[in-house]
Amino acid sequence: MTETMLEMGRRVLGEQPFSVLLGVELTLFEPGKAELRVPIGRNLMQQRGFVSGGVLSYLADNAITYAAGGVLGTDVLTVEFKINFIRPALGEALIARASTVSAGRTLAVARCDLYCMNEGRETLVAAAQGTITRVERGDPK
């Protein structure tokens, strides 16, 4: 039986110790698109009670990498990344939705919107964009 993209993506996510630590779930993975979700707990907060910017950055970077990897192939790395924090992240879960904007043979640009889910409502909390490169196995990049 052939593994679907979503099954393969979930397997790869399960091999990432930090993703497992945060409890991240891959809910969508198809060519050029990805969605990740993580429950918000006290362990993700900074001192003012908001989700840490580091968690938002990690989630956006990983979603962007999945979206671009769905086009470039599975061996990819981030080469550039930018995030804008729009409002404090509060709620029950974080959702990162990424899509590929442009893809060539070795590079892809993808963007990601991050939302907090609270009582069934999504609120935009950050927006990010990154450049992803395909790497060959054994490539020291």
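The values are calculated or read from the model by the stated rules, or taken from the named source; none is laboratory data. Since the structure is predicted, the reported quantities are computational estimates derived from the model, not experimental observations. Here the Cβ is made from the backbone with ideal geometry for all residues, glycine too, and neighbour counts use every protein chain on show.
Candidates in the stretch 47-75 are the residues that are in contact with a Gly (Cβ under 7 Å, 6 or more places away or on another chain) and surrounded by fewer than 21 Cβ atoms within 10 Å (Cβ to Cβ); of these, the one that is nearest to Gly120 (Cα to Cα) is Asp61. Go through the stretch 77-109 and give me each residue that's surrounded by fewer than 22 Cβ atoms within 10 Å (Cβ to Cβ), part of a strand (DSSP E or B) and of a type in the set (A, V, I, L, M, F, W, C). Result: Leu77, Val79, Phe81, Ile83, Phe85, Ala93, Ile95, Val101, Ala103, Leu107, Val109. Scanning the stretch 66-95 for residues that are among the charged types (D, E, K, R) and touching a residue at least 60 places away in the same chain (Cβ under 8 Å) turns up just one, Asp75. Residues that are aliphatic (A, V, I, L, M), at pLDDT below 95 and out of contact with any Lys or Arg (no Cβ under 7 Å at 6 or more places or on another chain): does the stretch 48-63 have at least one? Scanning the stretch 48-63, I find no residue that is aliphatic (A, V, I, L, M), at pLDDT below 95 and out of contact with any Lys or Arg (no Cβ under 7 Å at 6 or more places or on another chain), so the answer is no. Scanning the stretch 113-135 for residues being out of contact with any Ser or Thr (no Cβ under 8 Å at 6 or more places or on another chain) and under 15 Å from Ala34 (Cα atoms) gives a total of 4. If you go through the stretch 1-39 and keep only what is in a loop (DSSP other than H, G, I, E, B) and under 14 Å from Leu59 (Cα atoms), you end up with Gln16, Gly23, Val24. Go through the stretch 20-46 and report how many residues are basic (Lys, Arg) and surrounded by 14 or more Cβ atoms within 10 Å (Cβ to Cβ). Total satisfying the criteria: 2.
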